[in-house]
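Student: My questions all concern the structure below.
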Amino acid sequence: MHKFIRIDMTTLTSTVSEVPAKYVGLGGRALTSNFVNDEVNPTCHPLGKNNKIVFAPGLLSGTAAANSGRMSVGSKSPLTGTIKESNTGGSSSQMLAKMGIKAFVIEGMPSEDKFYVIKLDMNGVTIEEAPAEIIGGCGNYDAIRILGEKYGKHVGVAIIGPAGEYRLPSANISFKDPEGNIRSAGRGGLGAVLGSKKVKAIIIDETGAGKVEIANPEAFMAANKVFSKALLDHPVSGQGLGLYGTDVLVNILNEAGGLPSYNFTSGRIDHNDNISGETMNATITERGGEGKVSHGCHKGCVIRCSQWYTDKEGKYITSGFEYETIWGLGADAGIEDLDAIAYIDRAMDDVGVDSIETAVAVATAMDGGLIPWGDGKAVLEIVKDMAKPTPLARIIAGGAGAVGSLCGLYRTPVVKNQAIPAYDPRAIKGIGLTYATTTMGADHTAGYCISGNILKVGANIDPLKKEGQIEYARAMQIGTAAIDSTGMCLFIYFGVADNPAGYQALIDMINAQYGLSLTANDVDELGKSVLKVERDFNKRAGFTNAHDRLPEFMEYEPIMPHNVVWDFTPEEIDEVMNF
Amino acid sequence: MNITVKLFATLRNGRDKIMTIQMPEGSTVSDIVTHMALPREEVAIIMINSRGAELTTELHDTDILALFPPVGGG
Ligand code: SF4
C-alpha cells in the first residue's frame with residue numbers, strides 16, 4: 001500500500017493514510033500542483049498557517065529507470081505569490097519511493113518559537129526539537145554532517161539554511177546528495193515556507209524499505225534499456241553534459257548574443273573564456289585532487305552534468321556548479337574569476353539561497369549602486385552575512401525584484417517577481433514566451449526553448465524571429481510539465497527530443513510499472529492538465545493575463561550585439577497558454 | 001577573403017580556439033570544415049556573425065564563423 005503522510009505542525013502530530021484516489025496515478029509536479037490547488041487557499045499568506053508544502057517523488061522514482069531520482073516540492077511561493085513547483089536531485093526521492101511514500105505534506109505552524117526536525121522512516125513520523133548547534137547561523141554543509149552523526153550517514157536529508165530560518169524570499173531547500181553534498185530545490189523561496197512552519201530539516205531513513213513494485217518487470221527492464229541507450233547515444237546527454245557540465249552554455253550564448261550581462265544591458269561579455277565550461281573542465285582536470293569533471297546528483301543518473309570543482313590545492317569547493325549561477329555572477333554581475341564564483345556558489349548553498357535569484361539580485365544591486373560591479377569579494381561577504389543576516393544581506397536575499405524596487409530601478413529583470421535567468425528574451429524570443437507565461441514566474445526550465453532556438457535539438461527556429469515561437473513555447477511547457485511529473489531529470493529531453501523510440505521507452509516504463517497503457521497523447525494531456533491546474537490556482541490568487549508579461553524595459557532598451565527589443569504583443573503572448 | 005573561425009568544446013581538441021583563414025570567394029561553411037579537416041559529424045551548431053547558419057551557407061569577407069559540437073544544458 002502506498003502512503004500519504006500529513007504532518008501538522010500546529011499540533012505536532014502526523015497521520016499516515018492511504019493515498020487519496022485522485023493522487024494515485026500522479027507523481028512529482030502533477031501531484032504537488034494538484035494538491036496545492038486542491039488544498040491551499042490561493043489568497044492565503046505564503047508564510048502563514050494556511051499555506052502547505054508538499055514533497056513528492058516522481059512516477060518512476062525509486063525504480064531502476066535512468067535519471068528518475070528527482071523530487072518535486074510544491075507550495076504557494078512567498079517570492080511570486082503564485083503556485084510553485086521546484087524539483088531537485090539528491091537521494092531523498094528514491095528513498096521515499098522505496099518506502100512507499102507517495103507524498104508527504106507539512107501544514108499548520110507551531111506556536112512556540114523553536115525549530116523541529118521531522119523524521120520519516122518505516123515506522124512512521126517522529127517530530128523532535130532540532131539540535132541547537134544547527135540553528136541560528138549554522139551552514140548547510142555542517143548541519144548535514146551533524147545530522148548524519150545523529151541519524152546515520154545513510155539517511156536522506158532535506159534542510160533549510162539560515163536564510164530559510166529567517167524566511168528570506170530567496171531561501172531554498174537543500175537536499176543531501178549521495179556524497180553528503182548539496183542539491184537544491186532552488187526557486188521561489190520554498191525554504192522560507194519551511195522556515196515559517198519551523199521545520200529545520202526532514203530526515204528520511206529508508207532502512208527496511210523494499211523495492212518499488214513493478215507490474216511488469218520484464219517490460220520495464222526492456223524499456224529502460226532502450227531509454228538509457230537513447231540518453232547515452234545522444235551526444236549532448238551521452239557526452240557533452242558530462243564533459244563540460246551545463247556551463248558549456250557560456251560560450252554559445254555569448255556567441256549568439258543572448259548572454260545577459262551587466263544587469264541585462266548587453267548580450268555579450270569579453271571575459272567569457274574565464275568562466276566557460278571549457279575552462280571549468282580544464283581547471284578541474286589540471287588541479288586534480290578531489291576534482292571530478294563529471295558527477296551525478298543521484299544514483300542512476302547516466303548523464304552526470306554535475307561536477308566537483310576544486311581550489312588550487314585540489315580540494316572540493318562546490319558541486320552542481322551550474323551555468324545559471326556562473327552566468328549570473330560571471331556575466332550579469334561581471335565577476336571575472338571562476339574561483340571567486342565557486343566560493344560564492346558554495347556560500348549560497350551553505351546559507352541556503354537560490355543561486356539564480358541571488359546572483360540576479362546581486363547584479364541588480366550593482367546596477368543600483370549598492371555593490372561595485374564585478375566585486376566578488378564583496379558579494380562573498382554579503383552572501384555569508386545572510387546567515388546573520390545583516391541589513392544588506394537581507395536586501396539582497398529579498399530577490400531581484402526587491403532590490404530593484406529599493407534602488408529605484410526601471411531595469412529590474414523579473415517576471416511575477418522572480419528573477420529572469422541566463423538567456424536574454426530579446427535575442428532569444430522563444431524563451432521570453434516561457435518566462436512571460438509560465439505559472440512559476442520567470443523560469444527557463446518551465447519550457448526550455450533554448451533547445452530549439454539555439455542548440456538545434458528538437459527544433460530549428462531562428463531565435464531572433466517570431467515565427468514558430470508561440471507553438472514551440474506552448475509545446476515545451478506542456479512536455480516539461482509531464483516530464484516533471486515522472487521524476488525524470490529534465491536533461492533526458494536532449495536524449496529523447498529527436499528520438500521517438502527513446503520517448504516511447506519512457507512511456508513504456510510508466511506503463512510497465514503501473515500496468516497502464518498510456519500513449520504519447522495521454523502524456524501530452526497530463527502535461528496540459530498540470531498547466532491548467534496551476535493556472536487555475538494563479539487565477540484564484542489574483543493573477544491575470546496582464547501578469548504574463550516581461551518587464552517593460554525589455555520593450556524599450558535594445559540589447560547588443562543584435563540591437564533588438566522584446567516585441568511580442570500581449571495578444572500574441574496570450575496565445576501560448578490558449579489550449 | 002578572410003574568415004575568422006572560432007572553435008568550441010571538443011572541436012578545440014588539438015586545435016586553436018580562434019584563427020583567421022583565407023578562403024576563396026563563395027566558400028561555404030562546409031568548404032571550411034573540409035579545409036580545416038574538422039570532424040564533420042561533430043559540427044552541430046553553426047553561427048556566422050552571431051546568427052544561426054547551415055553547412056551550405058556562403059561566407060563573406062571578414063565574417064566570423066563559430067562552430068560548436070552538439071552541446072546542451074539548462
Ligand atoms: S543530469 Fe545533472 S541534474 Fe540531471 S540527474 Fe544527472 S547530475 Fe542531476
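The values are calculated or read from the model by the stated rules, or taken from the named source; none is laboratory data. Predicted model only: the values in this text are computed from it and were never measured. Here the Cβ positions follow ideal geometry from the backbone for every residue, glycine too, while neighbour counts run over all protein chains shown. The protein model used for the area step is the full one, side chains on, heavy atoms only, and it has no ligands, DNA or RNA in it. Shrake-Rupley method; radii C 1.70, N 1.55, O 1.52, S 1.80 Å.
Student: Scanning segment B:49-74 for residues that are open to solvent by 20 Å² or more (accessible area, probe 1.4 Å) and of a type in the set (A, V, I, L, M, F, W, C), which turns out nearest to the other protein chains (Cβ to nearest Cβ)? Steps first, answer last, please.
Tutor: Within segment B:49-74, the subset open to solvent by 20 Å² or more (accessible area, probe 1.4 Å) is B:49, B:51-52, B:54-58, B:60-62, B:64, B:70.
Next, from what is left, pick out any that are of a type in the set (A, V, I, L, M, F, W, C): B:55, B:64.
Details: B:Leu55: 12, B:Ile64: 9 Å.
Checking each candidate, the answer is B:Ile64.
Student: Residue check: is A:Asn460 within 13 Å of another protein chain (Cβ to nearest Cβ), assigned to a helix (DSSP H, G or I) and modelled with pLDDT of 95 or more?
Tutor: Values: within 13 Å of another protein chain (Cβ to nearest Cβ): yes; assigned to a helix (DSSP H, G or I): no; modelled with pLDDT of 95 or more: yes.
When the stated conditions are applied, A:Asn460 does not pass them.
Student: I would also like to ask the following. Take the residues in segment A:171-189 that are more than 18 Å from A:His444 (Cβ to Cβ) and in a loop (DSSP other than H, G, I, E, B); name whichever of them is farthest from the ligand (Cβ to nearest atom). Break it down stepwise before answering.
Tutor: Kept after step one, since they are more than 18 Å from A:His444 (Cβ to Cβ), are these residues of segment A:171-189: A:171, A:173-182.
Checking which are in a loop (DSSP other than H, G, I, E, B) leaves us with A:177-181.
On the way: A:Asp177: 9, A:Pro178: 11, A:Glu179: 12, A:Gly180: 16, A:Asn181: 12 Å.
Among residues in segment A:171-189 that are more than 18 Å from A:His444 (Cβ to Cβ) and in a loop (DSSP other than H, G, I, E, B), the one farthest from the ligand (Cβ to nearest atom) is A:Gly180.
Student: Still on this structure, I have one more. Applying the selection to segment B:37-48, what residues are within 12 Å of chain A (Cβ to nearest Cβ), under 30 Å from A:Ser294 (Cα atoms) and crowded, with 16+ Cβ neighbours inside 10 Å? Write out each step before concluding.
Tutor: Quick first cut of segment B:37-48, residues within 12 Å of chain A (Cβ to nearest Cβ) only: B:39, B:41-48.
Right, trim to under 30 Å from A:Ser294 (Cα atoms) and you get B:39, B:41-47.
Of everything in segment B:37-48, those that are within 12 Å of chain A (Cβ to nearest Cβ), under 30 Å from A:Ser294 (Cα atoms) and crowded, with 16+ Cβ neighbours inside 10 Å turn out to be B:Glu42, B:Val43, B:Ala44, B:Ile45, B:Ile46, B:Met47.
Student: Sticking with this one: Hey, can you tell me all the residues within segment A:542-560 that are out of contact with any strand residue (DSSP E or B) (no Cβ under 8 Å at 6 or more places or on another chain), surrounded by fewer than 19 Cβ atoms within 10 Å (Cβ to Cβ) and assigned to a loop (DSSP other than H, G, I, E, B)?
Tutor: Of everything in segment A:542-560, those that are out of contact with any strand residue (DSSP E or B) (no Cβ under 8 Å at 6 or more places or on another chain), surrounded by fewer than 19 Cβ atoms within 10 Å (Cβ to Cβ) and assigned to a loop (DSSP other than H, G, I, E, B) turn out to be A:Gly542, A:Thr544, A:Glu552, A:Glu557.
Student: At least 2 residues that are open to solvent by 10 Å² or more (accessible area, probe 1.4 Å) in each: list the helices (runs of 4 or more DSSP H) lying fully within segment A:357-453 that qualify.
Tutor: Numbers: elements: A:376-385, A:391-397, A:400-406, A:429-437.
Correct list: A:376-385, A:391-397, A:400-406.
Student: Something else now. If A:Ala143 passes every condition in (1) assigned to a strand (DSSP E or B); (2) over 25 Å from A:Gly210 (Cα atoms) but one, which one does it miss?
Tutor: Just one mismatch for A:Ala143, condition (1).
Student: Among the listed residues A:Ser68, A:Ser111, which satisfies the condition of being within 16 Å of the ligand (Cβ to nearest atom) and either of a type in the set (S, T, N, Q) or part of a loop (DSSP other than H, G, I, E, B) (or both)?
Tutor: Values: A:Ser111 fails: within 16 Å of the ligand (Cβ to nearest atom).
It is A:Ser68.
Student: Any residue in segment A:255-270 that is within 14 Å of chain B (Cβ to nearest Cβ), within 22 Å of the chain's Cα centre (by Cα) and within 16 Å of the ligand (Cβ to nearest atom)?
Tutor: Among the residues of segment A:255-270, not one is within 14 Å of chain B (Cβ to nearest Cβ), within 22 Å of the chain's Cα centre (by Cα) and within 16 Å of the ligand (Cβ to nearest atom), which makes the answer no.
Student: Show the residue pairs meeting these rules: Cβ distance below 7 Å; 6+ apart or different chains; first residue within segment A:463-479 and at positive phi; second residue modelled with pLDDT of 95 or more.
Tutor: A:Gly468/A:Ile461
Student: Follow-up question, since we're still on this one. Given the conditions (1) under 30 Å from A:Gly399 (Cβ atoms); (2) within 19 Å of the chain's Cα centre (by Cα), report the number of the one that A:Ile118 does not fulfil.
Tutor: So A:Ile118 meets the others, but not (2).
Student: Could you identify the single residue in A:Ile326, A:Ile275 that is crowded, with 24+ Cβ neighbours inside 10 Å, among the β-branched types (Val, Ile, Thr) and more than 16 Å from the ligand (Cβ to nearest atom)?
Tutor: Matching residue, one of A:Ile326, A:Ile275: A:Ile275.
Student: Here's something else I'd like to know. List pairs: first in segment A:281-304 and more than 14 Å from every other protein chain (Cβ to nearest Cβ) and more than 16 Å from the ligand (Cβ to nearest atom), second open to solvent by 30 Å² or more (accessible area, probe 1.4 Å) and at pLDDT below 95, Cβ under 9 Å, 6+ apart or cross-chain?
Tutor: none
Student: Residues B:Thr4, B:Thr34: which one is surrounded by fewer than 18 Cβ atoms within 10 Å (Cβ to Cβ) and farther than 12 Å from B:Ala66 by Cβ? So that I can check it myself, show each step before the final result.
Tutor: Details: B:Thr4 fails: farther than 12 Å from B:Ala66 by Cβ.
Of the residues listed, the single one that is surrounded by fewer than 18 Cβ atoms within 10 Å (Cβ to Cβ) and farther than 12 Å from B:Ala66 by Cβ is B:Thr34.
Student: Picking from A:Lys49, A:Lys102, which residue would you name as being among the basic types (Lys, Arg) and either touching a strand residue (DSSP E or B) at 6+ places or on another chain (Cβ under 7 Å) or open to solvent by less than 10 Å² (accessible area, probe 1.4 Å) (or both)? Step through it out loud before you land on a result.
Tutor: Details: A:Lys49 fails: either touching a strand residue (DSSP E or B) at 6+ places or on another chain (Cβ under 7 Å) or open to solvent by less than 10 Å² (accessible area, probe 1.4 Å) (or both).
The unique qualifying residue is A:Lys102.
Student: Moving on to the next point. Confirm whether A:Ser228 is more than 16 Å from the ligand (Cβ to nearest atom) and more than 22 Å from the chain's Cα centre (by Cα). Before you say what the answer is, go through the steps one by one.
Tutor: Working: more than 16 Å from the ligand (Cβ to nearest atom): no; more than 22 Å from the chain's Cα centre (by Cα): yes.
For A:Ser228, the condition - more than 16 Å from the ligand (Cβ to nearest atom) and more than 22 Å from the chain's Cα centre (by Cα) - is not met.
Student: While we're on this one: Going through A:Ala442, A:Ala446, A:Ala473 one at a time, which residue ends up being more than 10 Å from chain B (Cβ to nearest Cβ), closer than 19 Å to A:Thr82 by Cβ and in contact with a Cys (Cβ under 7 Å, 6 or more places away or on another chain)? It would help to see each step written out before you state the result.
Tutor: On the way: A:Ala442 fails: in contact with a Cys (Cβ under 7 Å, 6 or more places away or on another chain); A:Ala446 fails: in contact with a Cys (Cβ under 7 Å, 6 or more places away or on another chain).
Going through A:Ala442, A:Ala446, A:Ala473 in turn, the sole match is A:Ala473.
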